[in-house]
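The structure appears right after this line, and notes come after that.
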Amino acid sequence: MATRELLNVRDTARTLGVHENTIRNWEGRGILHAVRLPGSGYRRFSVQDVERLRTEMFEQLAPATEGPVVNTGRKRSGRLVFGDATE
C-alpha cells in the first residue's frame, strides 16, 4: 500500500469531523484499523476504511425532511429592541 493511500491521525480526524483523540480511541476499540509504521509506530489509516466509516456515520443521521421548529406562542423576554416600547 503506498503512503498516499494512508492518512495520519490528524487528516483522519479532519475527514471524519472528530478530535484526534477520538481516532486513537476508535483504533483501540477496533472501530478503525491502523497500520503502524515500523520504527516510529505512528498510526496510518487506509482511505477506504476512513470513507467507509464516514459513510456509516452519515447514514445514521436523521433525514432533513422538516425545517426547524418555531414556537410562535413563546412569550418574549430579554432586552428591548428599538420600536418595541410603547409610549
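Couple of notes before you dig in:
- The set of residues in region 34-50 that are touching a Ser or Thr at 6+ places or on another chain (Cβ under 8 Å) and either over 20 Å from Asn8 (Cα atoms) or of a type outside the set (A, V, I, L, M) (or both) comprises Arg44, Phe45.
- Screening Asn25 against (1) in contact with a Lys or Arg (Cβ under 8 Å, 6 or more places away or on another chain); (2) at pLDDT 95 or above leaves a single unmet condition, (1).
- Inside region 9-31, residues that are hydroxyl-bearing (Ser, Thr, Tyr) and under 15 Å from Tyr42 (Cα atoms) make up a count of 1.
- Among residues of region 14-28 that are crowded, with 16+ Cβ neighbours inside 10 Å, those with a beta-carbon under 6 Å from a residue that is aliphatic (A, V, I, L, M) at least six positions away or on a different chain give the pairs Thr15/Val50; Ile23/Val9; Ile23/Ala13; Trp26/Leu32; Glu27/Ala34.
The values are calculated or read from the model by the stated rules, or taken from the named source; none is laboratory data. Predicted model only: the values in this text are computed from it and were never measured. No Cβ is skipped: glycine too gets one built from the backbone with ideal geometry, and neighbour counts run over all protein chains shown.
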